[in-house]
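Have a look at the structure below, then the notes.
The values are calculated or read from the model by the stated rules, or taken from the named source; none is laboratory data. Small disclaimer: the values here were computed from a predicted structure and weren't measured. Glycine also receives a Cβ, built like all others from the backbone with ideal geometry; neighbour counts cover every protein chain displayed. Note: accessible area is taken over every heavy atom of the protein model, side chains too, but ligands, DNA and RNA are not part of it. Shrake-Rupley method; radii C 1.70, N 1.55, O 1.52, S 1.80 Å.
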Protein chains: 2
Amino acid sequence: MEDIITLNHGSGGRITHELISGVFMKYFNNEKLNNLTDSVVLETENCSLAFTTDSYVVDPIFFPGGNIGKLAICGTVNDLSVSGAIPKYLSSSFIIEEGFSIADLETIVKSMSEEASMAGITIVTGDTKVVPRGKCDKIFINTSGIGFVKKEFENIGNAVKVKPGDKLIVNGTLGDHAIAILSSRESLNFEANIKSDCASLNHLIQKALAVCPEISFIRDATRGGLGTVASELASKIKKGIIIDEKELPVKEDIQAVCEIFGFDPLFLANEGKVLIVVPAEKADKVLNAIKQDALGKDAAIIGEVIEENHEKVVLKTISGGKRLIDMPAGAQLPRIC
Amino acid sequence: MEDIITLNHGSGGRITHELISGVFMKYFNNEKLNNLTDSVVLETENCSLAFTTDSYVVDPIFFPGGNIGKLAICGTVNDLSVSGAIPKYLSSSFIIEEGFSIADLETIVKSMSEEASMAGITIVTGDTKVVPRGKCDKIFINTSGIGFVKKEFENIGNAVKVKPGDKLIVNGTLGDHAIAILSSRESLNFEANIKSDCASLNHLIQKALAVCPEISFIRDATRGGLGTVASELASKIKKGIIIDEKELPVKEDIQAVCEIFGFDPLFLANEGKVLIVVPAEKADKVLNAIKQDALGKDAAIIGEVIEENHEKVVLKTISGGKRLIDMPAGAQLPRIC
């Protein structure tokens, strides 16, 4: 096989088949995918389906703590998990720029395979397109996912059970992904020993649901950060939300970078952080369950739902003041995921 | 709303929300999508699932007979349909270049909505990413699809029931999509009143299955054309396939262009053509059923499965000779879909 991707790799002919068997099947090898039919046929379970999709265009494609392939698995696993689903099946679709290194493609595909295996999800169908040089930026990956949801968890993504008094829990430090991406972009020049938090949270979320099926809302805090998720939630439930700034977990390195660049960690992207909203009397139980998981060791109760300040998020600042915070209009950083 | 896409439209913040409600929800409006949760929760049916994905990168994005949006619906509907499934749910994920016209985006989204409605499939979840100018070519769309498959049709995509004597049927003329794309590329200059055959074939396929549940194989002949599908089938079933050149439906205009450019219609891309393999005694019945559908009026029986020439496709030429045909290594035309 040649060592770079050519337009013929996207033709659907013999050379496409060689790429599929030489790279994709080498790592994604499983009985369902091996059939290479137009659609894969899957067993259903006797409960509802969760279905989601995301395209990943992160720049750079390799960054501290992960790469575009790992991210494409974690992101979609998390979108299923926050809907109360057990993630089960993934599709993966590649758009690759002519001239892309096949060795880099293998690294990415291998990461995807490893992360899928850790999350317990199977890549069952896929697609590969190649575009001429300059027509895309190295590689874009879409993953779509299917999971199964038990009846009792069907409304977790809808927030219908959220009520004043419910506590907000986050499973760890904020902004790690955004600052890892920032630190790895060539045009910026600062030293920071910061890794993306890119991780599949399905096992952590299942642990939380196991001790507290009454969890009223879960959402991963990706683009837009925890602040945007809180704003969207306040607007959806038509209640207020108060966040206690001193409880927000932020690494010292991240805080330092935020101060230099004027970023607010509350609005920085994460790829391994969820907001979990729970009835007040269950908050400690859920917090303890999450802390048992390596991905939840820095978890904290960071705020609560309130009757006042309808549809607004209020930040109780470290200095003791209060200020309304609003969803930002645009991005602090583009192409973060 | 501004009239072009900006990086902020991909930020996940307020401006992303405005794009979603102003363009996507305007056309894709349905109860499931309106929730805008990370995953949509769907009812299952008491049968197997079909699951498929495709990214669409066609160049140009508007072409005679369709656009990238219509294509993204038809292509995925067809991938589900050829697996014996009734297409039910679609995801749609957009990667858009900064500066792209919002009016063009609306045209594309409107086409998607219309085609989905004709095919009876619902767009239930989605994603939007924006990349800086020059980092993708206008717009790429991924659609992933879910359908439900009755037990009796589960193996139609696997070809396990195909046997010598089975007849090959195609539902109409070959090469229309490839030549429509070719004719609309700026760098080429020929007049041809040719439209892409881009269409959702689920209703036609269901008509065929209704009169003949014993259909042994269905596959849409897209990238690589009918010749590639036949080659893959011969290789999979370890039998030979004979195709009768004089029976191949090809429009006069297409034939003329093929002669000028040296293309073989057998290997040109289609976006509304399927190969259907049926037991010989049912071939006329299936042919007649297909011909009742507007998308099957030019259908023809074009060959059969034979015991000889294992894993090879033999073309019986118009002049009466026979020659082996092979899957092409690469593409006749790049970025056809």
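Observations
So that you can scan it fast, the table gives a plain yes or no per residue for (1) surrounded by fewer than 18 Cβ atoms within 10 Å (Cβ to Cβ); (2) away from every other protein chain (no Cβ under 14 Å); (3) out of contact with any Pro (no Cβ under 6 Å at 6 or more places or on another chain); (4) in contact (Cβ under 8 Å) with a residue 60 or more places away in the chain:
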| position | (1), (2), (3), (4) |
| --- | --- |
| A:Ala269 | no, no, yes, yes |
| A:Leu275 | no, no, yes, yes |
| A:Lys285 | yes, yes, yes, yes |
| A:Ala289 | no, yes, yes, yes |
| A:Gln292 | yes, yes, yes, yes |
| A:Thr317 | yes, yes, yes, yes |
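- Boolean, A:Asn30 is in contact (Cβ under 8 Å) with a residue 40 or more places away in the chain and either open to solvent by 10 Å² or more (accessible area, probe 1.4 Å) or among the aliphatic types (A, V, I, L, M) (or both): yes
- Selection status of A:Gly145, open to solvent by less than 10 Å² (accessible area, probe 1.4 Å), facing chain B (nearest Cβ under 8 Å) and under 16 Å from the mean Cα position of the chain (by Cα): yes
- Set side by side, the residues A:Val82, A:Val124, A:Val130 differ, and just one is crowded, with 24+ Cβ neighbours inside 10 Å, touching a His at 6+ places or on another chain (Cβ under 8 Å) and within 8 Å of chain B (Cβ to nearest Cβ), which is A:Val130.
- Restricting the stretch B:238-264 to residues that are modelled with pLDDT of 95 or more and in a helix (DSSP H, G or I), the residue that is most open to solvent (accessible area, probe 1.4 Å): B:Lys246
- Some residue of the stretch A:324-337 being part of a helix (DSSP H, G or I), away from chain B (no Cβ under 14 Å) and out of contact with any Asp or Glu (no Cβ under 6 Å at 6 or more places or on another chain): no
- Out of A:Ile169, A:Ile179, sole residue that is away from chain B (no Cβ under 14 Å), touching a residue at least 12 places away in the same chain (Cβ under 8 Å) and part of a strand (DSSP E or B): A:Ile169
- Residue check for B:Thr173: modelled with pLDDT of 95 or more and outside the structural domain of B:Lys88 (by TED's automatic domain parsing): yes
- Test for A:Ile194: is it modelled with pLDDT under 95, of a type in the set (A, V, I, L, M, F, W, C), assigned to a helix (DSSP H, G or I) and surrounded by 22 or more Cβ atoms within 10 Å (Cβ to Cβ): no
- Tally of residues being facing another protein chain (nearest Cβ under 7 Å) and more than 17 Å from the chain's Cα centre (by Cα) across the stretch B:91-121: 2
- Among the numbered conditions (1) out of contact with any Lys or Arg (no Cβ under 7 Å at 6 or more places or on another chain); (2) modelled with pLDDT under 90, the only one that A:Lys167 does not meet is (2).
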